[in-house]
1. Could you list, in sequence order, the residues of region 24-41 that are modelled with pLDDT of 95 or more and of a type in the set (Ser, Thr, Tyr)?
2. For region 64-90, how many residues meet the condition of being open to solvent by less than 70 Å² (accessible area, probe 1.4 Å), within 16 Å of the chain's Cα centre (by Cα) and in contact (Cβ under 8 Å) with a residue 24 or more places away in the chain?
3. If I ask for residues that are open to solvent by 100 Å² or more (accessible area, probe 1.4 Å) and either under 22 Å from Arg50 (Cα atoms) or among the acidic types (Asp, Glu) (or both), which ones from region 114-129 would you list?
4. Answer yes if at least one residue in region 45-63 is open to solvent by less than 50 Å² (accessible area, probe 1.4 Å), touching a residue at least 24 places away in the same chain (Cβ under 8 Å) and of a type in the set (S, T, N, Q), and no otherwise.
5. From the list Arg111, Arg21, which one is of a type outside the set (Phe, Trp, Tyr) and open to solvent by 90 Å² or more (accessible area, probe 1.4 Å)?
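The values are calculated or read from the model by the stated rules, or taken from the named source; none is laboratory data. Since the model is a prediction, treat every value here as computed from it, not as a measurement. Glycine also receives a Cβ, built like all others from the backbone with ideal geometry; neighbour counts cover every protein chain displayed. These area figures cover heavy atoms from the full protein model, side chains too; ligands, DNA and RNA do not enter into them. Shrake-Rupley method; radii C 1.70, N 1.55, O 1.52, S 1.80 Å.
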Amino acid sequence: MDTTEEQPLPYDVFAKACPSRGTLEHVTGRWGALTLGALQEGSLRFNELRRRVDGVSEKMLSQTLQGLERDGLVHREAQPTNPPRVDYELTPLGHEVAERLLELIRFVEGRMDSVLAARARYDETRTARR
């Protein structure tokens, strides 16, 4: 018997009902990826995080944090002070995910000259067809 054969994964993100799909959406959505990347830098309060993730609304950041917390990627720490202080930080799993996301982010940032050139060629072609 060949023991090197890979076993199928118990989850399949391509299957509509697979719970991993929701987590992938939380992680790779615009605000999820940026939130995880920002928290990789360290613990942040809500408003600090909102300033760091430029353009996110309070409502979207709150929803994003709740989804990431539910998935076990973000830890929310409420301090019993007046006014209340709430800090957000990555869990160990969140750090692993954020590291991989930041690799992708750095890759994309490093290739933006090629992307912008491709966009310009595409736009020129589209304009010429009209």
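1. Thr35
2. Going through region 64-90, the residues open to solvent by less than 70 Å² (accessible area, probe 1.4 Å) turn out to be 64-65, 67-68, 71-74, 78-79, 86-88, 90.
Narrowing the set further to residues that are within 16 Å of the chain's Cα centre (by Cα) leaves 64-65, 67-68, 71-74, 88, 90.
Then drop every residue that is not in contact (Cβ under 8 Å) with a residue 24 or more places away in the chain, which leaves 64-65, 67-68, 71, 73-74, 88, 90.
So the count comes out to 9.
3. Glu124
4. Among the residues of region 45-63, not one is open to solvent by less than 50 Å² (accessible area, probe 1.4 Å), touching a residue at least 24 places away in the same chain (Cβ under 8 Å) and of a type in the set (S, T, N, Q), which makes the answer no.
5. Values: Arg21 fails: open to solvent by 90 Å² or more (accessible area, probe 1.4 Å).
The match here is Arg111.
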